[in-house]
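Structure, as structure tokens:
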Amino acid sequence: MWLSLRVIVYRRGNKISMGHNGNNSLLERMRAQGNFIEYAPFGVILLALVEFSGAPALAVHLLGLLLVIGRALHAWGFSAPPPVMIGPVFGMILTLTIILLSALGLLLYTLF
């Protein structure tokens, strides 16, 4: 919700209803929101599959924590003035790590 509100408030304040009109600040806000929409659902679905597969609760909680921290770091990096690129980089690393670990765990679970 916070990422969406950042886009909405900026659009209303700058009277930009469609697209980004070449406004880089709005484009960064839109990409932060879009990136969340692209990765968070996939991570949550994988987490659910890991849990349903019978993985230990500690593993599920650690993967979930990595996903939350990764998505928060990514959003924070785009929000900090000026954008702090270390946040999005580490945020994506954590997000992709949970996706990879979950996928590998599920693959190994189905093979053995």
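The numbers here are math on the coordinates, done by the rules we state, and not lab data. Predicted model only: the values in this text are computed from it and were never measured. Positions of Cβ are backbone-derived with ideal geometry, glycine not excepted, and every protein chain shown enters the neighbour counts.
General observations
- Of all the options Leu73, Leu94, Leu58, the one that moves most in a Gaussian network model of the chain with Cα springs shorter than 10 angstrom is Leu58.
- Stretchable slack from Met1 to Ile69, in nm (0.36 nm times residue separation minus alpha-carbon distance): 22.9 nm
- When only the Cβ of Lys, Arg, Asp and Glu is charged (+1, +1, -1, -1), the dipole of segment 2-111 relative to its Cα centre reaches about 540 debye.
- Scattering from segment 59-112 was approximated by placing one identical point on each alpha carbon and applying the Debye formula without solvent; log10 I(q)/I(0) at 0.17 1/Å stands at -0.54.
- Estimated FRET transfer efficiency when R0 is 41 angstrom, pair Trp76-Met18 (beta carbons, to 0.05): 0.90
- Largest-first ellipsoid semi-axes for segment 1-87, taking √(5λ) over the Cα gyration tensor eigenvalues, angstrom: 32, 14, 9
- Applying 1/(1 + (r/R0)^6) with R0 = 30 Å to the Cβ-Cβ distance of Glu38 and Leu58 gives a FRET efficiency near 0.60.
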